[in-house]
1. So if I check each of LYS189, LYS161, which one is at pLDDT below 85, in a helix (DSSP H, G or I) and either in contact with a Leu (Cβ under 6 Å, 6 or more places away or on another chain) or basic (Lys, Arg) (or both)?
2. Please specify each residue of region 310-333 satisfying the condition of being at negative phi, part of a loop (DSSP other than H, G, I, E, B) and touching a Lys or Arg at 6+ places or on another chain (Cβ under 8 Å).
3. Do you know which residues across region 277-315 are closer than 13 Å to ALA371 by Cβ and open to solvent by 50 Å² or more (accessible area, probe 1.4 Å)?
4. Could you identify the single residue in ILE336, ILE349 that is crowded, with 17+ Cβ neighbours inside 10 Å and not in a loop (DSSP other than H, G, I, E, B)?
5. Which members of region 184-208 meet the condition of being among the polar types (S, T, N, Q) and open to solvent by 70 Å² or more (accessible area, probe 1.4 Å)?
6. Under 7 Å between Cβ atoms, at least 6 apart or on separate chains: pull out the pairs that start in region 80-92 with a residue that is in a helix (DSSP H, G or I) and end on any residue that is of a type in the set (Lys, Arg) and open to solvent by 20 Å² or more (accessible area, probe 1.4 Å).
7. Six or more apart or on different chains, Cβ under 9 Å: which pairs go from a residue in region 335-346 that's more than 11 Å from GLY370 (Cα to Cα) and without any contact (Cβ under 8 Å) to a residue 40 or more places away in the chain to one that's open to solvent by 10 Å² or more (accessible area, probe 1.4 Å) and of a type outside the set (A, V, I, L, M)? Could you list them?
Amino acid sequence: MPSHRKPRTRTRPAVPALGVTTAALASVSLLAQSADAAPTVPKPSIEEVQRKVDDLYRQADLATQKYDAAKEATSTQRAKVDSLLDQVAAGTAKLNDTRRVIGGYAAAQYRDGGVTPTMRLLFSDDPQAFFDQDQLMGRLSDEQHRTLSTFETERAANAKKRAEASRGLAALTTSQQTLRAGKEEVQGKLTAARTLLSTLTAREKERLAALEKKKQDEAERKAAELAARQAAAAREKPAPPAGQAPSAPTAPSGPSAPASAKAAKALAFARAQMGKPYVWGATGPASYDCSGLTQAAWKAAGVDLPRTTWDQVKVGTRVATADLQPGDLVFFYDDISHVGMYTGNGMMIHAPHSGAYVREESIYYMPVYGAVRPG
């Protein structure tokens with residue numbers, strides 16, 4: 001008999017959604033950890049920006065000198081390779097002329113019923129083997145003997161030139177790679193400096209300009225002190241005895257007078273370039289880098305200077321800062337990555353850095369390394 005009892009419905013007690021709650025708590029925990037792990041980087045102060053930008057420009061100056069050196073090495077190596085290739089071409093032409101003469105001897109022997117092995121040896125890869133066979137040597141006239149000897153000498157010399165040209169091409173490739181790397185390094189430093197400056201607000205740029213003005217004022221104060229010391233030293237310098245004529249004409253003396261007529265010409269050239277833009281790697285006439293300007297200025301005076309600051313500092317006579325005269329070259333930083341031309345009174349003309357123009361300012365704007373007097 002079927003049961004008429006109603007089935008009992010089981011009810012499950014309410015259980016908290018542990019999975020959802022745990023996931024939510026884990027997310028909050030992870031977010032908190034992320035916030036703790038990546039704190040906001042504080043924005044650099046204007047003073048820090050100034051130091052960083054100055055350092056980037058100095059690094060760009062250093063990279064520019066490396067680039068200038070690589071460019072000069074590449075140019076020198078290219079000229080050497082071109083010369084070697086010309087010599088190889090000329091040697092090959094001469095070798096072919098001699099080969100044709102030998103071919104005439106071989107043809108004559110063939111027409112006269114000469115020994116066939118002789119003809120083969122004449123065109124062998126090792127003509128010296130021909131001379132080692134006494135029975136064939138007797139068949140050659142003195143003129144033919146000299147021709148064959150000349151041929152062997154020319155071929156050896158041409159092979160040597162070809163090998164030298166091959167090594168030169170390999171060195172040229174290395175120089176070109178160094179040149180490209182130097183270019184990328186300069187561009188990277190300058191881009192970093194521009195990027196850093198672009199993050200500044202108008203107010204921050206005003207504060208940076210004020211710091212720059214303060215730095216320039218301090219450098220000019222030191223320049224004025226140097227000028228005063230130089231003037232005092234010139235006044236205390238004893239004059240030659242009365243009635244004693246100098247044994248030879250001398251250049252004007254004093255701290256504001258160029259050391260020589262050539263120095264005056266170099267300085268006049270440098271002044272004429274003021275206002276032209278700094279461009280790294282440039283040697284004029286529309287733009288210059290620092291060593292390109294000093295090189296061009298002294299070239300106008302008839303003195304050839306090397307291309308880089310590292311080589312220019314080795315030319316001429318070393319001069320103490322207290323003894324500087326217009327036309328002298330002043331070098332900066334321990335790595336000698338910058339140079340300017342002294343104009344007198346503690347000032348110089350130089351091509352500062354990318355974005356600036358050839359200008360006159362205190363030699364104390366940067367740490368002085370030393371100075372030389374070319375010519």
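1. Details: LYS189 fails: at pLDDT below 85.
Of the residues listed, the single one that is at pLDDT below 85, in a helix (DSSP H, G or I) and either in contact with a Leu (Cβ under 6 Å, 6 or more places away or on another chain) or basic (Lys, Arg) (or both) is LYS161.
2. Quick first cut of region 310-333, residues at negative phi only: 310-315, 317-326, 328-332.
Keeping just the survivors that are part of a loop (DSSP other than H, G, I, E, B) gives 313-315, 320, 324-326, 328.
Of everything in region 310-333, those that are at negative phi, part of a loop (DSSP other than H, G, I, E, B) and touching a Lys or Arg at 6+ places or on another chain (Cβ under 8 Å) turn out to be GLN325, ASP328.
3. Of region 277-315, the ones closer than 13 Å to ALA371 by Cβ are 294, 309, 312-315.
Correct list: LYS314 only.
4. On the way: ILE336 fails: not in a loop (DSSP other than H, G, I, E, B).
On inspection, the qualifying residue turns out to be ILE349.
5. Just the residues of region 184-208 that are among the polar types (S, T, N, Q), to begin with: 187, 191, 195, 198-199, 201.
GLN187, THR195, SER198, THR199 - these are the residues of region 184-208 that are among the polar types (S, T, N, Q) and open to solvent by 70 Å² or more (accessible area, probe 1.4 Å).
6. Pairs that qualify, where the first residue is in a helix (DSSP H, G or I) and the partner is of a type in the set (Lys, Arg) and open to solvent by 20 Å² or more (accessible area, probe 1.4 Å), are LEU84/LYS161; GLN87/LYS161; VAL88/LYS161; VAL88/ARG162; GLY91/LYS161.
7. Short answer, once both residue conditions are applied: TYR342/GLN325.
The values are calculated or read from the model by the stated rules, or taken from the named source; none is laboratory data. What you see is a predicted model; the values in this text were computed from it and never measured. Every residue, glycine as well, gets a Cβ built from its backbone with ideal geometry; the counts of neighbours run over all protein chains shown. In case anyone asks, the SASA skips ligands and DNA or RNA and just uses the protein heavy atoms, side chains included. Shrake-Rupley method; radii C 1.70, N 1.55, O 1.52, S 1.80 Å.
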